[in-house]
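First the structure, in the form of structure tokens, and then the observations on it.
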Amino acid sequence: MQKINLKAQLASLVQLQKIDTEIYSLRYEKEAKPEEIKALEAAFEEKKQALTTLEKASLDLQKQKKERELELGSKEEEVKKLQTQLYSLKTNKEYQTMLQQIGSVKADISVIEDKILILIDQVDKAKAEIEREKQGLQEEEKVLNLKKKDIHDRIKEIEDRISQLDSQRKQITPNIDDKVLGQYERILTNRDGLAIVTVKDNSCQGCNMFVPPQVINEIKMYERIVTCEVCNRILYIDGEITL
Ligand SMILES: [Zn+2]
């Protein structure tokens, strides 16, 4: 009675293990999802930050341009003022000096005008680059949202599959003694989702360590649950258990 019973229970545990193996793998997959989303969002934030940096640089160029334009205005004023003074001068020497002064301010103006032209070009380029980046970012955001949706869909799929597996589990667990089930579940938790394994060529398929012949004999007696001396997992002999 006990023998048949234990063998049948081992068969149920093997079935349970199949389900639990899938549940563990699904749980691992699900647990990794928030990190995946975080990584995608972080990459997107970095691109947004790069755009902000470009916008700041563009504003700085515009500010420089405005400053140069103000400087140009005041230099032009200065030339006008000097030119009106030119007619009130009495000597030729004073006149020549003033002309030189005007020439020097005009040279300054020419330098400032060149700088303004360069700045105009830089501002235009910066604006075009910002526009490109903005469009790129819009595309990126669409892709990001699609990827996030895929991840959320997959999470939902995993959850549905896990609840399906849970109900399959509930059909098997009544066939197992509470004590045996408790032992199985403890090992399952402690051994990363693998609680029952076969013995193949005298080695435990959970930890690959040697299983002595007397232990194998003990398994075949089906009088008690036999566990691996090294990894503590429940052992069974493939082919002896019919599912
Ligand atoms: Zn082992």
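Restricting G182, G193 to those that are more than 9 Å from the ligand (Cβ to nearest atom) and surrounded by 12 or more Cβ atoms within 10 Å (Cβ to Cβ) reduces the list to G193.
Screening the candidates V199, V143 for the property of being touching a strand residue (DSSP E or B) at 6+ places or on another chain (Cβ under 7 Å) and either β-branched (V, I, T) or in a strand (DSSP E or B) (or both) yields one hit, V199. A single member of I162, I187, I151, I155 is within 11 Å of the ligand (Cβ to nearest atom), assigned to a helix (DSSP H, G or I) and within 39 Å of the chain's Cα centre (by Cα), and it is I187. For residues in the range 224-243 being among the aliphatic types (A, V, I, L, M) and closer than 20 Å to I176 by Cα, which is farthest from the ligand (Cβ to nearest atom)? Filtering first and then ranking leaves L243. In a residue-by-residue description of the range 8-23, the property of being farther than 30 Å from T173 by Cα and among the hydrophobic types (A, V, I, L, M, F, W, C) applies to no position. Is it true that some residue in the range 207-223 is away from the ligand (no atom under 11 Å from the Cβ), surrounded by 12 or more Cβ atoms within 10 Å (Cβ to Cβ), among the hydrophobic types (A, V, I, L, M, F, W, C) and modelled with pLDDT of 95 or more? Within the range 207-223, one or more residues are away from the ligand (no atom under 11 Å from the Cβ), surrounded by 12 or more Cβ atoms within 10 Å (Cβ to Cβ), among the hydrophobic types (A, V, I, L, M, F, W, C) and modelled with pLDDT of 95 or more. Going through the range 17-70 one residue at a time, which ones are free of Cβ contacts under 8 Å to residues at least 24 places away in the same chain, within 30 Å of E129 (Cβ to Cβ) and within 31 Å of the chain's Cα centre (by Cα)? Those that are free of Cβ contacts under 8 Å to residues at least 24 places away in the same chain, within 30 Å of E129 (Cβ to Cβ) and within 31 Å of the chain's Cα centre (by Cα): K38, A39, A42, A43, E45, E46, Q49, T52, T53, K56. Select from the range 12-44 the residues that are exposed (fewer than 11 other Cβ atoms within 10 Å of the Cβ) and either in contact with a helix residue (DSSP H, G or I) (Cβ under 9 Å, 6 or more places away or on another chain) or of a type outside the set (A, V, I, L, M) (or both) and list them in ascending order. Scanning the range 12-44 gives E31, E35, K38. Take L144 and tell me if it is outside the structural domain of E41 (by TED's automatic domain parsing) and surrounded by 11 or more Cβ atoms within 10 Å (Cβ to Cβ). So L144 does not fit the description; no. Scanning the range 165-184 for residues that are outside any helix (DSSP H, G or I) and among the β-branched types (V, I, T) yields a single hit, I176.
The values are calculated or read from the model by the stated rules, or taken from the named source; none is laboratory data. This one's a predicted model, so the numbers in the text were calculated from it and none came from an experiment. Methodologically, a virtual Cβ is constructed for each residue, glycine included, from the backbone with ideal geometry; neighbour enumeration extends over all protein chains shown.
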